[in-house]
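Throughout, read-outs are computed from the coordinates displayed, never taken from laboratory work. Quantities reported herein were computed from a predicted structural model and do not represent experimental measurements. All Cβ positions, even for glycine, are placed from backbone atoms using ideal geometry, and neighbour counts span all protein chains on display.
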Amino acid sequence: MILDAGSPDRGAFARTFDICIVGSGPAGLTLARRLAARGLDVALMEGGGFDVSVESQELYAGEIVGLDYMDLDVVRIRVFGGCSEHWSGRTGVIPAHDFLPLPQRPMAWPITKADLDPYQPEASEIFELDLAWQPPDLALPQAEERFRNIQFRQSPPVRMGQKYRDEIAANPRITAAINANLVDMRLAPDLATVEGAVFRSYDPSDPGFTVSARVFALCLGGFETPRMMLNFNSQKPAGIGNDNDLVGRYFCEHPSREMAAAIYTHPREIFQDNYSPTPEFMEREGILDFILRVTWRDRTPKSLAESLKGAVECASPFTESLGAKIRGGPRGCLWGGDEEFRRLRDPQTYPSGTVWMACEQSLVRDSRVMLAEDTDVFGLRRMRLDWQLAEIDYRTMLTGLTALGAHFAEQDIGRIRIPDWLLADNPRLPGGAGAVHSGDWNGGYHQMCTTRMDDDPRAGVVDRNCRVHGMDNLYIGGSSVFGSPSYVNPTYTIVQLALRLGDHLGEVLPAGGVVGEVGQ
Amino acid sequence: MRRAVRSRRSLLKSALMLALGVSAGLPAASAVPAAPRPRIIRHGKFFLVDGWVLTAEDLRELRLL
């Protein structure tokens, strides 16, 4: 059943569950379905409703310091189904070499790609992908081995809340609630066991209710999971799971934006290529992983207004001059109407495009989620985001773009221009705060690594089984447990990890067992 | 019409010349103001010229080398 936390039906939670899962995004929904299929008794708690609401989104508001970032109450969506309700559907598998430590990546995953590979068929089924397994690289002629031409897979995209709502409601093993906002977690006297999670509806007079379970899993995403853990400090002053001052640290995004303008020698018949460095190139250059999405503007614009917004001609002095030369008129992005625009945009005489780049971010200890002084309606301190990059991140961008330019020249594909800000002595991502849909933003809506996975409690918040170090029965699902971020869109990996966590808990939580220490 | 018979290489060259504000034999667009000589940074066997990743041949054609 799915009930409303503000209704009397919530009496259904007055018992002890095998597991209480907080958050119904891709991680939480996948984990709930996995454990219910094993016969376990699941409580699934979602703070939002079935539709977006102001009162729910407002809880995500917070402060931004450090690098500019998108508005915090917009960049995530707080509803049943979580961020699958607004994701693009692009999926990929993190390559094997991105799990491993390197001199330039000293902190890496404690698990390997082989640990997640068994979950590809089921994850692909969930996302309704044509292929169960990641397709191979495409052929890429090149004078020097620098790049792989990789393939992504495209989900419709699946909206998990919509896809699984009826199934969850009909599942006798799952008791789910919407509008159930987590406001506290109560620990046993040993301070290593969670005894109950406290929830409140949006009714200001609601005293709240406690859900008891043998195991708890926080599946709230890369921002809310650390915010909650830091806020729950009545019994542990530093917060739950924060004995080593790591909760919220190592915040990673995929630094990404349109990085370069391109002019091509020949019109292209394909729409897009995705270039990623080979492991040998990464090692040789001492850089991190990335993806260069090379777009060919070879299609008739959908509309003048839409195309003008991203038109190459107005993107750089070079392309502006090129337009002036072809028109035989003065420089300036002044258009003579739709007919002139379409003539100039004829891809047969003016092949051009852009290069969009997304990078694996380095792990920076002081790039972090903290607590602000301001509080939300439940009295919990809001989030303060301090996003920081390191020198290696900018060097990865510059090295990757320069190598692409060399590849273009060698293969007579065309030429690209690297932006001025990246060539500066001390580069810094340009501003773009709040400009979520302008094409001028700097991230991918991907919040990762804030409770990262590491076997060493001094380096990570959770262990390889996603259990919080120092806690017997608290687990975390979602992108916050990524050991390092790779460049790959994270949702597919989130579901692989959730399936794996489900299998682990299915082994340590035998159906019908009694409450006891979970241990390793 | 003149544009249609140009080679791709020629179009690319003229585009780069315009971008970099150099003249290498082609008539300058009257409304395009002259630009200072661009900054050239060597990067292995390639060159960064006002951000453009160019070859030595490009620079010779553009009379920048």
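Taking every Cα-Cα distance in the stretch A:74-162 and sorting them into 10 Å bins from zero, the calculated P(r) comes out as 14, 32, 36, 16, 2 percent.
Of all alpha-carbon pairs in the stretch A:1-160, indicate the percentage at a distance above 23 angstrom. Result for the distance tail: 59 percent.
Converting phi to 3J(HN,Hα) with the Karplus coefficients 6.51, -1.76 and 1.60 and the offset θ = phi - 60°, the stretch A:473-484 yields 9, 10, 10, 10, x, x, 6, 5, 8, 3, x, 8 Hz in sequence order, with x at every glycine or proline. Taking every DSSP beta bridge that has both ends in chain A, the antiparallel portion is near 65%. A:Phe232 sits among other residues whose Cβ lies under 13 Å from its own Cβ, and their net charge, with Lys and Arg +1 and Asp and Glu -1, is +1. Leaving out same-chain residues fewer than 8 places away, which aspartates and glutamates sit with a Cα under 17 Å from that of A:Lys163? Qualifying aspartates and glutamates at Cα under 17 Å: A:Glu46, A:Asp51, A:Glu85, A:Glu122, A:Glu125, A:Glu128.
Cα-based values for the stretch A:360-461, radius of gyration first and Dmax second, are 18.3, 61 Å.
Database remark: amide H of A:Tyr475 closer than 5 angstrom to the amide H of A:Phe216, A:Ala217, A:Leu218, A:Val468 (H placed geometrically; neighbours at sequence offset of 5 or more, or on other chains; Pro and chain starts carry no H).
Panel order for A:Ile263, A:Ile150, by other beta carbons found within 10 Å of each beta carbon, from fewest to most: A:Ile150, A:Ile263.
Summing Lys and Arg as +1 and Asp and Glu as -1 over all other residues whose Cβ lies under 14 Å from the Cβ of A:Glu85 gives a net charge of +3.
Compared with the dominant Cα axis of chain A, that is its longest principal axis, helix A:26-37 is turned about 40°.
Measuring spread by the Cα atoms of the stretch A:438-489 yields a radius of gyration and Dmax of 13.1, 45 Å.
Principal axis extents of the Cα atoms in chain A, from largest to smallest and rounded to whole angstrom, are 79, 46, 44.
Between helix A:391-410 and chain A there is an angle of about 40 degrees, using the helix long axis and the longest principal axis of the Cα atoms. Note down the net charge around A:Arg381, summing +1 for each Lys or Arg and -1 for each Asp or Glu among other residues with Cβ under 9 Å from its Cβ. Taking every other residue near A:Arg381 into account, the sum is 0. Taking the helices alone, chain A has a mean residue ellipticity at 222 nm of -6500 deg cm²/dmol, built from -39,500 (n - 2.57) per DSSP H run of at least 4 residues and averaged over all its residues. Using every pair of separate Cα atoms, the Kirkwood estimate puts the hydrodynamic radius of the stretch A:381-425 at 12.7 angstrom.
Taking Cα atoms only, the orientation of helix A:491-508 departs from the longest principal axis of chain A by about 20 degrees.
Ranked for footprinting exposure by Cβ neighbours inside 10 Å, fewest first, A:His254, A:His97 give A:His97, A:His254.
So what's Rg/Rh here for the stretch A:107-258, counting alpha carbon atoms and using the Kirkwood radius for Rh? Present the calculation step by step, with values, prior to reporting the outcome.
Numbers: Rg = 21.3 Å, Rh = 20.1 Å.
Looking at the stretch A:107-258, the ratio lands at 1.06.
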